[in-house]
Amino acid sequence: MATSGPTTSTTRTAAHRRLGVLAVAFMIIAASAPLTVVAGGVTSAYSVTHVDGIPFGYIVLAAALAIFAIGYAAMSRFITNAGAFYSYVSQGIGRPTGVGASVLALIAYNAMQIGIWGMFGFQISSFIESKTGWASPWWVWVILGIVVVGILGVNRVDLSAKVLGVLVALEFLAVIVFDVVAFANPAEDFTLAPMTPSALFVPGVGAVLAFGIAAFMGFESAAIYGEESKDPKRTIPRATFLAVAVIGVFYAISSWALALAVGPAKITDPTGITPEEAGPPLFFNFAAEHLGMLWVDLMSILFITSLFAALVSFHNAVSRYAFSLGREGVLPRQLGTVRTSSGAPWAGSLAQSVLALVVIIGFAVAESGWNPASGPYPVLTLFTWLTNLGAFGLVLLMVLVSAAVIGFFRRDGRDVGAGTRLVAPIVALVALGIVWILILVNWDVLLGQPQSTPTTFILPAILLVPSVAAVLWAYWLRKAKPDVYRRIGHGAEEADAPHLGSEAVGV
């Protein structure tokens, strides 16, 4: 039922275009959470794979994603839609596949966002307990965090960008300090070995690349902010390439520094890293020894804010996908409204917050059957399961977008060179397809399981089954609701220039 009012609108106005290149780049980098990746992701990868070539692995992955970004950025010049991947696949491959991609994106981004809450709650609870002795429930801090992120989500996006900008800058500073100290105090002799191909292409390279791709998740989100960018045709490509370059170089150098801090020989020895020091302790123990506990406490706090920055960024991504799908009638139309004052998709933001709250409550209740001796529950279940599921889905989305670029320009080259519209997306499709297969093959390794369990099969099914069902739903829409079907992937085009500057009627 349609309603009207001054506080909601189905379109954004020119006043809502507030984001520049640096603001969008900060959103992207915040989603990848630099300190979380270095202190958590890289240390875990070293502990599990025992491959010291992880730094070169980041270079390989950054190159693959940069090639992907060539076609992706070219397509962004012609499509400006908060649905991003959904719109690209719809216009490049077809509307049914686009709807399937939209559900894939919603589940993947929600999984990344909600999964990170597990690590966030655990880190706050652990930090407070180490300082006060109070063992607070991890889910209490998550619920409070959901409220704060929800408030940011319904306000002006440039407010989120400013908050994230400060947090990301502090993260970079903390990791750079660690890097400098690590290069100055290597556990063994100073070596370039971790930055060489021979250190990467050994048994275990598949698991390394599967681990590493998760560090880049969020880089593809630039196009989501196209409708809120000052000049989307320039802002989105520039922000994407800037983010890929910064993230790739930074992770390569920082993981190299960490390899020197731990020692390549210790990393490659299957028994070199003990269970007590595996994962984040590799980072924080070195910091404690060479920088002192004050720096460890500071880095621990920044680790938490790093997680918070990623939570805000992924929350924004989910709410904008929901907005795009609601605007086009694929999801309930109420999701397709924005606040007139801020341009924020308030209904999509609220829906994501409610979903996160429901999932967190479910995991909190399930914790009663967990054996504490097995390890930290929110990290080994909520965080590990859902963030790996999210990375699995987002890589598949990039494979689909690579194919969509080829399809989009096949009918009309639009004066785009063959290297950009054909060669680059083909290379990206093959490279990212291989990474996706590696994730699937190494699924038990990523989940920290010695062998397959029901979870091994249930998690991918949570992602893939609804996505396939959504394709069938789109075919039904084509017959039952042709007007809705026609708008799939094209909603922003119908809600664009003629409405800019007007107060549209809410739905």
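The values are calculated or read from the model by the stated rules, or taken from the named source; none is laboratory data. What you are looking at is a predicted structure, and each value in this text was computed from that prediction instead of being measured. All Cβ positions, even for glycine, are placed from backbone atoms using ideal geometry, and neighbour counts span all protein chains on display. For accessibility, only protein heavy atoms count, side chains too; no ligands or nucleic acids. Shrake-Rupley method; radii C 1.70, N 1.55, O 1.52, S 1.80 Å.
Summary table
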| item | result |
| --- | --- |
| Where VAL365 falls short, out of the listed (1) out of contact with any Pro (no Cβ under 8 Å at 6 or more places or on another chain); (2) open to solvent by 40 Å² or more (accessible area, probe 1.4 Å); (3) within 24 Å of ALA108 (Cβ to Cβ) | (3) |
| Residues within the stretch 462-477 that are under 18 Å from PHE383 (Cα atoms) and either over 24 Å from the mean Cα position of the chain (by Cα) or open to solvent by less than 50 Å² (accessible area, probe 1.4 Å) (or both), tallied | 1 |
| Test result for VAL395, under 19 Å from PHE314 (Cβ atoms) and in a helix (DSSP H, G or I) | yes |
| Unmet requirement for PRO482, which otherwise passes all of (1) surrounded by fewer than 18 Cβ atoms within 10 Å (Cβ to Cβ); (2) touching a helix residue (DSSP H, G or I) at 6+ places or on another chain (Cβ under 8 Å) | (2) |
| Count of residues meeting criterion [open to solvent by 10 Å² or more (accessible area, probe 1.4 Å) and of a type in the set (Gly, Ala, Ser)] in the stretch 323-346 | 2 |
| Helices (runs of 4 or more DSSP H) fully within the stretch 73-173 counting 2 or more residues that are open to solvent by 40 Å² or more (accessible area, probe 1.4 Å) and on the phi < 0 side of the Ramachandran plot | 95-132, 138-153 |
| Unmet requirement for VAL51, which otherwise passes all of (1) open to solvent by 10 Å² or more (accessible area, probe 1.4 Å); (2) part of a loop (DSSP other than H, G, I, E, B) | (1) |
| Test result for GLU276, open to solvent by 40 Å² or more (accessible area, probe 1.4 Å), at pLDDT below 85 and out of contact with any strand residue (DSSP E or B) (no Cβ under 6 Å at 6 or more places or on another chain) | yes |
| Hey, LEU192 crowded, with 20+ Cβ neighbours inside 10 Å, at pLDDT 85 or above and either over 27 Å from the mean Cα position of the chain (by Cα) or not β-branched (Val, Ile, Thr) (or both) or not | no |
| Identity of the residue in the stretch 68-107, β-branched (Val, Ile, Thr) and in contact with a Pro (Cβ under 9 Å, 6 or more places away or on another chain), that ends up nearest to LEU355 (Cα to Cα) | ILE107 |
| Near pairs, Cβ below 7 angstrom, 6+ apart or cross-chain, from the stretch 54-75 (modelled with pLDDT under 95) to any residue that is not in a helix (DSSP H, G or I) | ALA74/VAL416 |
| Enumeration of residues in the stretch 283-321 that are open to solvent by less than 10 Å² (accessible area, probe 1.4 Å) and either among the charged types (D, E, K, R) or more than 16 Å from the chain's Cα centre (by Cα) (or both) | PHE283, ALA287, MET299, PHE303, ARG320 |
| Answer from SER300, SER306 - the residue that is more than 25 Å from VAL99 (Cβ to Cβ), of a type outside the set (Lys, Arg), in contact (Cβ under 8 Å) with a residue 24 or more places away in the chain and touching an Asp or Glu at 6+ places or on another chain (Cβ under 6 Å) | SER306 |
| Residues of the stretch 383-424 classified as over 16 Å from the mean Cα position of the chain (by Cα), open to solvent by 50 Å² or more (accessible area, probe 1.4 Å) and either closer than 23 Å to ALA62 by Cβ or in contact (Cβ under 8 Å) with a residue 24 or more places away in the chain (or both), total | 4 |
| Residue ID - surrounded by the most Cβ atoms within 10 Å (Cβ to Cβ), chosen from residues in the stretch 371-382 that are outside any helix (DSSP H, G or I) and free of Cβ contacts under 8 Å to residues at least 40 places away in the same chain | GLY375 |
